[in-house]
1. In the chain, what percentage of the DSSP-assigned beta bridges are antiparallel, given to the nearest 5?
2. Given PRO230, VAL348, VAL366, which one lies farthest toward the positive end of the charge dipole of the chain, if we put +1 on the Cβ of every Lys and Arg and -1 on the Cβ of every Asp and Glu?
3. Calculate the radius of gyration of the Cα atoms of the stretch 71-158 to one decimal place, then report Dmax, the largest Cα-Cα distance, as a whole number, both in Å.
4. Considering the dipole of the chain built from charges on the beta carbon (Lys and Arg +1, Asp and Glu -1) around the Cα centre, which of THR102, ALA61, ALA123 is farthest to its positive end?
5. Order of SER291, SER305 from fewest to most other C-beta atoms within 10 Å?
6. Quickly work out the ALA93-to-ASP301 label distance, labels modelled 7 Å from Cα along the C-beta direction, and quote it in nm with one decimal.
7. Take the Cα atoms of the stretch 172-288, build their convex hull, and give its volume per residue in Å³.
8. Before rounding to the nearest 500, sum -39500 (n - 2.57) across all DSSP H runs of length at least 4 in the chain and divide by the residue total; then give [θ] at 222 nm in deg cm²/dmol.
Amino acid sequence: MILGSTGSIGTQAIDLVLRNPDRFRVTGLSAAGGRVELLAEQAHRLRVKAVAVAREDAVPALREALSARYGPGEPLPEVLAGADAATHLAASAGHTVLNGITGSIGLAPTLAALEAGRTLALANKESLIVGGPLVRALAAPGQIIPVDSEHAALFQALASGTRADVRKLVVTASGGPFRGRTKAELADVAPEDALAHPTWAMGPVITVNSATLVNKGLEVIEAHLLYDIPFDRIEVVVHPQSYVHSMVEFTDGSTVAQATPPDMRGPIAIGLGWPQRVPDAAPAFDWSKASSWEFFPLDNDAFPSVGLARHVGELAGTAPAVFNAANEECVDAFLNGALPFNGIMETVTEVVAEHGTPRTGTSLTVADVLEAETWARARARELTARAAARTPAQKTAQTTAKTTAEARA
């Protein structure tokens, strides 16, 4: 099953499947419902048994699109609809579930896939971030195969030794569009500047997360949960070329790095095919050409997000959910000109502090996580609105920065 089939991860996974028809067979697809024509085309090409959409109002258009593609006598796939549709699909018969859904709504399908005993190729990092204890309680050893490029890299590098031999995990970061800038120099950057990632083409939220390095903070929490390595043994290093996706340092002083040109089809192939590799899943390096690979320490003053993520990760329980939800609200406010760039992490820090001691332990439930997220979103919106009211010139400054950036382009 491929969840989030019309998104970036889903479409690349389908490309990989179609290029390897003897290796993979897809039985079900899920999507939000905003791109029914693409979803119907995918369903027909893959001959899936079931299609799920979160938006019930998309069902008539989806059925029409499916009927237009299937010939007389061809059985149409079953259509599931509603907020729980992807969750039901994740628990249905199959070997592997690729969860490429964006956001914490992917938590329920993740839990359903694990509970049903499916191998989970996990690209939906929010599942692990917001529901860490719940996910870990259900997952059997080896049941989760990470699809994030950094965690797929760690997953492969860790195969070089035993867990007792690991000294530290080194997560690499491109540094985003603002690498080398000081905190003061980031005060007036415009949304257009933050969206200009030097390496990856991604959606707006994850691109801004790359600019603030929140994505690296989330990946540190994810690495801790996936590999059970203490936070003080997980390091972030800036690597602008994005060739080395992460590294493992062993106790004998050896460091094993996993490196490929930037392309998500490689990690997706690991998620779908492990323990076998998929030939030609992604491009390889041309070693006949000269290249330079650089590594720099992280500037924690300009980018405090990683340190805050470590803090909420150590608090555990509902704290990571609060961090993630507040950040999503603040990113939205920044993109709409209601919050300055540095205000993103300032506001998230305040929300985390107000949350106080998180609910943790075996009593943690999905309802607890959702309640914490709801509170964090509401509080982040309140603080954002208050900050905007105190600084009415802020939006003008953002507009000026945007106009300047457009003029330079």
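1. Bridges in the chain are about 35 percent antiparallel.
2. Sorting the options by dipole projection puts first VAL366.
3. Every Cα atom of the stretch 71-158 included, Rg and Dmax give 14.4, 51 Å.
4. ALA61
5. By the 10 Å Cβ count, ascending: SER291, SER305.
6. Spacing of the two 7 Å Cα→Cβ label points: 6.2 nm.
7. 159 Å³
8. So the helix-based figure for the chain works out to -14500 deg cm²/dmol.
Just so you know, all these numbers are worked out from the coordinates, no wet-lab data involved. These numbers were taken from a predicted model, which means no experiment stands behind them. With ideal geometry, Cβ positions are generated from the backbone for all residues, glycine too; neighbour counts draw on all protein chains shown.
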